[in-house]
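No lab work stands behind these numbers, since they all come straight from the coordinates. None of the values given here were measured: they were computed from a predicted structure. FYI the Cβ positions are ideal-geometry reconstructions off the backbone, even for glycines, and counts take in every protein chain you see.
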Amino acid sequence: MGTFYTVHFWLFSAMAIIAALAMVTRRNPVAAALWLVNVMFALAALYVMLGANFLGAVQVLVYAGAIMVVFVFVVMLLNLGENDVKERRSMGAALAASIIAGLLAAELLYVIRSQPLSSAPLLPVDEDALAPMANSLFTEHLVAFEVTSVLLLVAVVGAVVLAKRSQFANEARS
Amino acid sequence: MIREALFVSAILFSIGVLGVLTRRNALILFMCVELMLNAVNLSFIALSRLHGVSGQVFVLFVMTVAAAEAAVGLAIVLSVFRHYRTVDLGRIRLLRG
């Protein structure tokens, strides 16, 4: 691993963490959504650096492209501004939340530090990584794949049913 | 690099937890959940360098479930907004008693 690699790894890591902190603290939902897009782009770069080129592309297309567009679309549809939600937690509650999150972070970092990861050899990065992934997806994980397609169908039907105005409400209005 | 990637993933996950605990806007809460899912994806991808391609396959599944969750969750937010005219979780408390 050269210096170029290391510098860029930490650059994208810092970008992800700073953008995540910005997302958590923004009051305006559109600003939060855009910061989250920033996190996702940084993570896509990290995926590519870790040898998962295809997943980096999917991350940009699906997460930054599709899911975040749905989020922004809903924010615009509801016409939410900065002052529609009162973030009126007390200082004590915010402090307690920070302590809990900090403890979780410390615990995770401690556990990761104590793992003997560096002794294991890294698998080589396959330039044509799609073929082994597809092999695994369509043989070993075939049942999960099929179940996922059913899940997507259920989600589409469920979203339409939930978001459509009920007939009852329409009659009451008219 | 695996360990460093896991560090970044742990920090991002904790930031997501912090957001879920402190924010009251339902939409931003959803975004924090997405952030946590992304942090987990990062550790799957990092560990797939040690344990083979299954980790990457699992990331695909997580992304699919996240897309389904976002669609259904946002539809729920939409119908809750129609009823209460707000996405403030402090004011949606039918089950609080």
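Calculate how steeply helix B:2-22 sits against the longest principal axis of the alpha-carbon atoms of chain B, using the helix alpha-carbon long axis, and give the answer as 0 to 90 degrees to the nearest 10.
The angle comes out near 10 degrees.
Would you work out which of A:Val7, A:Ala134, A:Val30 lies farthest towards the positive end of the dipole of the protein assembly as shown, given +1 charges on the beta-carbon of Lys and Arg and -1 on that of Asp and Glu, about the Cα centre?
About the Cα centre, the residue reaching furthest to the positive side is A:Val30.
Just going by the charge dipole of the protein assembly as shown, with Lys and Arg at +1 and Asp and Glu at -1 on Cβ, which of A:Phe71, A:Val85, A:Tyr110 is farthest out on the positive end?
In the protein assembly as shown, that residue is A:Val85.
Which order do peptides B:76-86, A:51-61 fall in by mean Cβ count within 10 Å, highest first?
Descending packing order for the listed peptides: A:51-61, B:76-86.
Tally Lys and Arg at +1 and Asp and Glu at -1 over the other residues with C-beta under 14 Å from the C-beta of B:Val33: what net charge comes out?
Spelling it out: positives minus negatives among the neighbours equals -1.
Can you pull the mean other chain C-beta count within 10 Å for peptide B:36-48?
Mean shielding count: 5.
To the nearest 500 deg cm²/dmol, what mean residue ellipticity at 222 nm is calculated for chain B from DSSP H runs of n ≥ 4 alone, each contributing -39,500 (n - 2.57), summed and divided by the residues?
-28500 deg cm²/dmol
Work through the residues other than B:Val62 whose Cβ is under 12 Å from its Cβ and net out their charges, Lys, Arg +1 and Asp, Glu -1.
Summing Lys and Arg as +1 and Asp and Glu as -1 gives -2.
Report relative contact order for the range B:2-84 in percent, whole number only (criteria: Cα-Cα under 8 Å, sequence separation at least 6).
30 percent
Considering only the other residues whose Cβ falls under 13 Å of the Cβ of A:Ile112, what net charge follows from Lys and Arg at +1 and Asp and Glu at -1?
Neighbourhood net charge equals 0.
Under unit Cβ charges (Lys, Arg +1; Asp, Glu -1), what dipole magnitude, rounded to 20 debye, does the protein assembly as shown have relative to its Cα centre?
Result for the protein assembly as shown is approximately 1340 debye, rounded to the nearest 20.
Shape call for the protein assembly as shown from the C-alpha gyration tensor, a ≥ b ≥ c root eigenvalues: rounded (a/c under 1.5), prolate (a/b greater than b/c) or oblate?
Because a/c hits 1.5 or more and a/b fails to exceed b/c, the protein assembly as shown counts as oblate.
Taking Cα atoms, how many degrees apart are the long axis of helix B:26-51 and the longest axis of chain B, rounded to 10 and kept between 0 and 90?
10 degrees
Would you list the membrane-span-like helices of chain A, meaning whole DSSP H runs whose alpha-carbon atoms span at least 18 Å along their axis and whose mean Kyte-Doolittle value is at least -1.0?
A:3-25, A:29-49, A:91-113, A:142-163
Summarise the partner chain shielding of A:101-107 as one whole number: the mean count of Cβ atoms from other chains within 10 Å of each residue's Cβ.
Per residue, the number of nearby Cβ atoms from other chains is 5 on average.
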